[in-house]
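The values are calculated or read from the model by the stated rules, or taken from the named source; none is laboratory data. The model shown is predicted, which means the values in this text are computed figures rather than measured ones. Here the Cβ positions follow ideal geometry from the backbone for every residue, glycine too, while neighbour counts run over all protein chains shown. The protein model used for the area step is the full one, side chains on, heavy atoms only, and it has no ligands, DNA or RNA in it. Shrake-Rupley method; radii C 1.70, N 1.55, O 1.52, S 1.80 Å.
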Amino acid sequence: MSDATAKKEQRRKFQAIRGTRDLLPPETALWNRVEQTAHEVFATFGYGEIRSPIFEPTELFARAVGSDTDIVSKEMYTFESSEVPNLVELRTYYLSSDYAEDVFHGGSEDTVDLLSFATNVVGAFKKGALPQTSENLALVDDFLKKVSQIDATQRADVLKPFREVLHNFVRSVHLGDPTALRPEATASVCRAYLEHGMQSLPQPVKLYYIGPMFRRERPQKGRYRQFYQIGAEVLGGTDAPAIDAEVIEMLMTYFDKVGLHGATLYINSIGHNAENCRRGYVEKLKSELAKIKDNLGPDSQRRIDTNPLRVLDSKLESEQPYIEKLPRIADHLCDECKAHYAAVKRQLELRGLLYQENWRLVRGLDYYMRTTFEITAPGLGSQNAVCGGGRYDGLVELLGGPPTKGIGFAIGEDRLILSLQEGGKGAVEQGRDVYIAWMGEHAYAAAIRAAKDLRNAGFSVELPPVEQKFGKALGQADKLGAKYALILGDNEVAEGLWTLKTLLTGEQQKFPEPDLLEFLCQQKKVSS
Ligand code: AMP
């Protein structure tokens, strides 16, 4: 690296990666309030918190979210999680054009290198350091069979016929497990439910989570690549409509407690995956979509074959008049699904919850069934969905478990916060309660004691680390938005009377040390 380049590198300003951001005070206080309220409200409905890892096998999401969804096919952050990083690095080099060039210019024979590399890989597989998949086992077996004919001491040119075999093996063997940053958490919760044998607990098991998710989407307001969800899942038990309604009741209670106004609840039923229900509807939808194909955009055209239900999700302006005329699923539900949907609505009404029906609210995967819902909030522009949820009775089975009922939701926490801020509910008190303006050695000892007692009583206190003139200290207290300044000079300490200034009014009062704390506690009670 040249000096100039090295200097440029040193001067490089680091910035948060596109689509990610820092959450800073005072806003983080709002995040904490929103999360604290979730802990409190969800606990009153009997939910316990689960904290699952933020990376999982890619396959878990491919199965649970669907490999032909945008989330899985385009938006996941994936990497190979390997126990043998040195082999991974070597392989990258052997398969690169750099290596081909080195071999060419240096005149050495790549088959020798590859044979020794492949032998190391086989050794690592046998020691259990590579994924013990059937694919890897077959590759290793096949490779060993073929190379048993090679005498490794032979000259490189004799090895040449095996070059292709070696290349294939080196290219195909999995040195690690495909791993992904989670794009959502329902799959992880279902995995954990199975992994920890939660089927043997009293059913249903009610879990909630709070944490970051990762999707490589195009960043815009309300859409980030690292974003946060607050979600809940009910697993096991029955599919009684009261469960669906109670999950929604919990959500609406939460939104209310957190101060979100103007949220609208949309519901729908997408039936179940049977010929006399959703499957029949999808066939009909497909044939109707085929008729209007030329009027649809490329995404919807593609979805006619891959996932026709998702066409109903389209927000493309020019498609709307056509989509609105398509057949509606409510007219194609089987009797049980119809009855379930009617009962969910009744149960919502019993709980005094207002809803709007939206026949276009669908989920494109087979294991989703019956109830789907979405909540929108004001102040979010085009990304106004603040929560999505639904029933997914087939998911646990899809992940290798027994048939298990499931329903859940995920709230977009970033959007919830945005909406609260837009609605004027985002302000969180940020100033200090007390700024201690001290001058003099004796005063400093008293100041430390006062700070300790006040903090123990729950007040936020700023204790300047160095002595300041009182005028400067009071200016500082104002800048920090402190409510009170406690003025402590050597005189105050000698007298045993401490001065408290209320910064808003300028009023000053003198207190003996013990009375001061009592006075402040009293004031706090009055103001809360
Ligand atoms: P989903 O998991 O796609 O059903 O999304 C549930 C909720 O998460 C949505 O209603 C949004 O509020 C939120 N959400 C999804 N993707 C993002 C994103 N990229 N950035 C911010 N919030 C998101």
Could you list, ordered by first residue, the pairs with Cβ atoms under 6 Å in which the first is in the range 251-265 and in contact (Cβ under 8 Å) with a residue 40 or more places away in the chain and assigned to a loop (DSSP other than H, G, I, E, B) and the second is of a type in the set (Phe, Trp, Tyr) and open to solvent by less than 10 Å² (accessible area, probe 1.4 Å), at least 6 apart or interchain?
Ala263/Phe255
Hey, any hits in the range 420-433 for a residue that's acidic (Asp, Glu), within 16 Å of the ligand (Cβ to nearest atom) and closer than 30 Å to Glu49 by Cα?
yes
Identify all residues within the range 361-415 that are closer than 19 Å to Tyr254 by Cα and more than 11 Å from the ligand (Cβ to nearest atom); write none if there are none.
Pro378, Gly379, Ile407
Qualifying helices (runs of 4 or more DSSP H) (wholly inside the range 298-397; at least 2 residues being of a type in the set (A, V, I, L, M, F, W, C) and open to solvent by less than 50 Å² (accessible area, probe 1.4 Å)):
335-350
For Asp453: the one exception among (1) open to solvent by 90 Å² or more (accessible area, probe 1.4 Å); (2) under 19 Å from Lys525 (Cα atoms); (3) part of a helix (DSSP H, G or I)
(1)
Of residues in the range 166-197 being free of Cβ contacts under 8 Å to residues at least 60 places away in the same chain and crowded, with 21+ Cβ neighbours inside 10 Å, the one nearest to the ligand (Cβ to nearest atom):
Val173
Can we say Lys291 is within 32 Å of the chain's Cα centre (by Cα), surrounded by fewer than 21 Cβ atoms within 10 Å (Cβ to Cβ) and not in a loop (DSSP other than H, G, I, E, B)?
no
Take Gly280 and decide whether it is away from the ligand (no atom under 13 Å from the Cβ), at pLDDT 95 or above and surrounded by fewer than 17 Cβ atoms within 10 Å (Cβ to Cβ).
no
Just one of (1) open to solvent by 60 Å² or more (accessible area, probe 1.4 Å); (2) under 30 Å from Thr253 (Cα atoms); (3) part of a loop (DSSP other than H, G, I, E, B) trips up Glu40, so point out which.
(3)
The correct count of residues that are outside any helix (DSSP H, G or I) and either open to solvent by less than 40 Å² (accessible area, probe 1.4 Å) or modelled with pLDDT of 85 or more (or both) in the range 63-94 is 13
Set Ile448, Ile417, Ile436: member being of a type outside the set (Ser, Thr, Tyr), at pLDDT 95 or above and closer than 30 Å to Gln220 by Cβ
Ile417
Of all residues in the range 220-230, which are more than 8 Å from the ligand (Cβ to nearest atom) and either out of contact with any Asp or Glu (no Cβ under 7 Å at 6 or more places or on another chain) or not in a strand (DSSP E or B) (or both)?
Gln220, Lys221, Gln226
